[in-house]
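Please read the structure below before turning to the comments.
All of the numbers you see were taken from the coordinates with simple rules; none came from a lab. This one's a predicted model, so the numbers in the text were calculated from it and none came from an experiment. Cβ placement follows ideal geometry from the backbone for every residue including glycine, while neighbour counts extend to all protein chains displayed.
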Amino acid sequence: MLKRFYASYSEKVKSARARAGRSLTYAEKVLFSHLFNDSASLRLRRGESYVNFRPDRVAMQDATAQMALLQFMNAGKSHVAVPATVHCDHLIRADVGVSKDLPAAKTQNKEVYDFLKSASAKFGIGFWAPGAGIIHQVVLENYAFPGGMMVGTDSHTPNAGGLGMVAVGVGGADAVDVLTGQPWELRLPRLIGVELKGKLSGWASPKDVILEILGRLTVKGGTNAILEYFGEGVASLSATGRATICNMGAELGATCSMFPFDNNTATYLRQTSRDDVADMALANADDLKADAEVYAEPEKYFDQLITIDLSALEPHLNGPFTPDAATPLSEMKARAPHEGYPLKVEVALVGSCTNSSYQDLARAASVARQALAKRIPMSAELIINPGSEMIRATAERDGILDDLRKVGGVIMTNACGPCIGQWKRHTDDNNRKNTIVTSFNRNFRRRADGNPNTYAFIGSPEMVVALAVAGRLDFNPATDKLKDADGNELNLAEGEYYKETLDEPRGEAFPPAGFIVSDGQKVGNVEQLEKESLFVPPHDDNEAEVVIDPHSERLQRLAPFPAWDGKELTGMPVLIKTKGKCTTDHISMAGPWLRFRGHLQNISANLLMGAVNAFNGKSNSVKDQIDGQYKEVSAVASHYKEQGVPSIIVAEDNYGEGSSREHAAMEPRFLNVRVVLAKSFARIHETNLKKQGMLALTFKDKADYDKVREDDRVAITGLKTMAPGSELAVTLIHADGTTETFTALHSYNDLQIEWLKAGSALNYLTK
């Protein structure tokens, strides 16, 4: 596949440049070389035009793959149309350590793993077993390639942008489009150019680049946009450092982020046993970056420009409760007491798909070694999740994991664990106010440990370990002193031992002796991975049976959603009017609920349990307009469904921020919620709502949000004549008999309107 791709890539770029009549950015080259119809006009409007693409591959993690494959099974196809993989990383709990946690996960999740493995075998999908690693790290090591396009059923799929891919997080229904060979539709992204100048130094890291950008743009600033990085500073960043930056671009709401191809990219490909890919990329190097005219006058080609001087960048801590609350470390001493942050750091967590590379762990270990050499006791718990078996085995061989163990670090499974809420935190009171620091990408309330009062701050792996040593949120390792075991004050920047190392954490991008897999074999030895039962390559086994127990609590075959009956929507009670941030974690919690990701009926019991009801300020407590009682959101929705009553959700800005999980759209659809009316939507969630036959509307005037009352019945009119760009009327029928009418907007195109009429995109595909 890759040989065919690179043989035609530059010619496709040349053709696209001619049709556009101008020079192209790197993002445009990749996008336009993947048009479903190569001859399509390129006179497109960024941020508005919907475009059909043909991605090269699909990646799915175990929590979302269940629903994606259940939908694929309903599509009636015998084999996937593009290369695809399933990665078992989300369902593994972080409890006491890998030696016990991994076997427990294999037992507890056997039914799900067997389903995913058998479905993968039947449909020609590669299967990465539990323990093999986190989806995005494994993709970076094995599948990502410069100039390619992929979709993944996880919002952090853009991690692969570190190797120059347009890699986009999507819901399962979007993945099914690609798996069945159908056009994949995407709103043409805006382009945000990020120029990097200078070079990182001291305690600053690639993580701090994206933490700084989040502070500037906020969690909404990248919506329907691609961030394309360029400038002299790019060359100083490793491939995995770039992947970290691209990974957290998801927290901006960005479609994806990407770096141009260069020698660092080629070196990473060779280090991961992909010399052939490096050679083919080098032959296309001129088209694996923007045209020279773009770099000369970027303001002419990008919709927005950001400049970051890496030389002046300082370490950041972002949080709590949102990743865009950016605080330069030098400001934390003043900000922490002012904001009431708990200063004591209780737990430090290193890993996740964002920061679990060899270089990440090496830099973290360099800080741990310094603490050990200076006899500085650790002040906080330390938990580490390696990104893949390759990373774990190599870090083990090189003494990195042992260095972390010596300061009390606990090595968890090569999996998502605490980052996705699969952390069994050992604490007597999981409601008390406390602070943790992580190298993760998200820090939403309750996400890590379920405690609404856990203040989670995001930083680089080396900074996280430094704060674990100090035990204080306001500690600055470049300037502040610590005491050794005898009470002597020491300064990390000026100490007697390891002076230079302590001043600047060190960690090579690549292991001096090369990467290995679990028994010392060189990476790339697929036979060894198979022997270790970590990887099952794609193969055709159409006779394989995909068994789903009809009485299972974990898996449930999908029944098609009903088609639109052709009538306007009337008499809808307000299921909930949410107040403030309402992420996919609020709509469909992760953590313990991950076990139901393949069972739509059971997981629907968590619908909007984390959202705050604007009418009473409580979570998971809404008024049932039929009997007047306050109940859980899912209970009220179920009652309405039983009575044949459709309902509506009302929300504020950026509704559905965060994960790609389509359960946040499928659950309300299953419970007969017909409309979500919000001030604005996160990109992936809006698409997921459309795919599932939901009506996603926005207030034309955001002030109309305040008009919605708890006891209202709502009518939506204009559906019969709905067309791209049309407006719909929202009528509130108040309990006192008065009415108010205002206008709502939609972003549906002709095809998406057909999905709505059919009841879902899958219904439309299979009718």
Margin query: Just to compare against my own numbers: the Cα pair-distance distribution for the chain, 20 Å bins, whole % per bin, please.
Written below: 17, 52, 28, 2
Notebook entry, point to check: Rounded if a/c is under 1.5, else prolate if a/b is larger than b/c, else oblate: which is the stretch 315-488, with a ≥ b ≥ c the root eigenvalues of its Cα gyration tensor?
Noted result: oblate
Item checked: Nonlocal amide H pairs with residue 655, under 5 Å, H built at 1.01 Å -> 680, 681, 682
Next item on the list: With θ set to phi - 60°, apply the Karplus curve 6.51 cos²θ - 1.76 cosθ + 1.60 along the stretch 273-286 and write out the HN-Hα couplings as whole Hz, x wherever there is a Gly or Pro.
Entry: 6, 10, 4, 5, 5, 4, 5, 5, 5, 4, 5, 10, 4, 4
Next item on the list: May I ask what percent, to the nearest 5, of DSSP beta bridges between residues of the stretch 569-766 are antiparallel?
Entry: 60 percent
Checklist line | Antiparallel bridge percentage (DSSP; both residues within the stretch 315-488; nearest 5) | finding: 25 percent
Next item on the list: Obtain the nm distance between the two label points defined at residue 50 and residue 552 by a simple spin-label model: each point lies 7 Å from its Cα along the Cα-to-C-beta direction.
Entry: 3.2 nm
Item checked: Shape call, the stretch 563-623: gyration tensor on alpha carbons, a/c limit 1.5 -> oblate
Next item on the list: Determine the distance separating the Cα centre of the stretch 162-189 from the Cα centre of the stretch 244-311; give it in Å without decimals.
Entry: 19 Å
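So how much slack lies between residue 300 and residue 108, counting 0.36 nm per residue of separation and subtracting their Cα-Cα distance, in nm?
Answer, rounded to one decimal: 63.6 nm.
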Check: So which chymotrypsin sites (Phe, Trp or Tyr not before Pro) in the stretch 1-87 are both in a DSSP loop and have at most 16 other Cβ atoms within 10 Å of their Cβ?
Finding: 36
Notebook entry, point to check: Which loop trypsin sites (Lys or Arg not before Pro) in the stretch 98-152, with loop taken from DSSP, have no more than 16 other Cβ atoms within 10 angstrom of their Cβ?
Noted result: none
Check: Across the stretch 315-488, how many lysine pairs, 8 or more apart or on two chains, come within less than 28 Å at their alpha-carbon atoms?
Finding: 20
Check: In the structure displayed, which of 567/767; 12/197; 12/757; 577/641 lie more than 26 Å apart, Cα to Cα?
Finding: 12/197; 12/757
Next item on the list: Could you list 766, 157 in order of exposure, starting from the residue whose Cβ has the fewest other Cβ atoms within 10 Å?
Entry: 766, 157
Checklist line | Mean residue ellipticity (222 nm) of the chain, computed from DSSP H runs ≥ 4 via -39,500 (n - 2.57), nearest 500 | finding: -8500 deg cm²/dmol
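Which percent, nearest 5, of DSSP beta bridges in the chain are antiparallel?
Of all bridge pairs located within the chain, approximately 40 percent are antiparallel.
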Checklist line | Added length on full extension, which subtracts the Cα-Cα distance from 0.36 nm per residue, residue 722 to residue 570 | finding: 53.1 nm
Checklist line | Separation of the residue 182 and residue 627 label points, Cα + 7 Å toward Cβ, nm | finding: 3.9 nm
Next item on the list: List, in order, the whole-Hz ³J(HN,Hα) value for each residue of the stretch 746-759 obtained from phi through the Karplus relation with A = 6.51, B = -1.76, C = 1.60 and θ = phi - 60°; use x for Gly and Pro.
Entry: 9, 10, 6, 9, 4, 5, 5, 5, 5, 4, 4, 5, 6, x
Checklist line | Length gained when the stretch residue 427-residue 740 is fully extended (0.36 nm per residue, less Cα-Cα span) | finding: 107.6 nm
Margin query: Going by Cα centres, the stretch 681-717 and the stretch 541-608 are how many Å apart?
Written below: 19 Å
Next item on the list: Decide, for the stretch 569-766, between rounded, prolate and oblate: order the square roots of the alpha carbon gyration tensor eigenvalues as a ≥ b ≥ c, take rounded if a/c falls under 1.5, and otherwise choose prolate if a/b is larger than b/c, else oblate.
Entry: rounded
Check: Non-local amide H neighbours of residue 49 (under 5 Å, H modeled in plane, Pro and chain starts lacking H): which ones?
Finding: 188
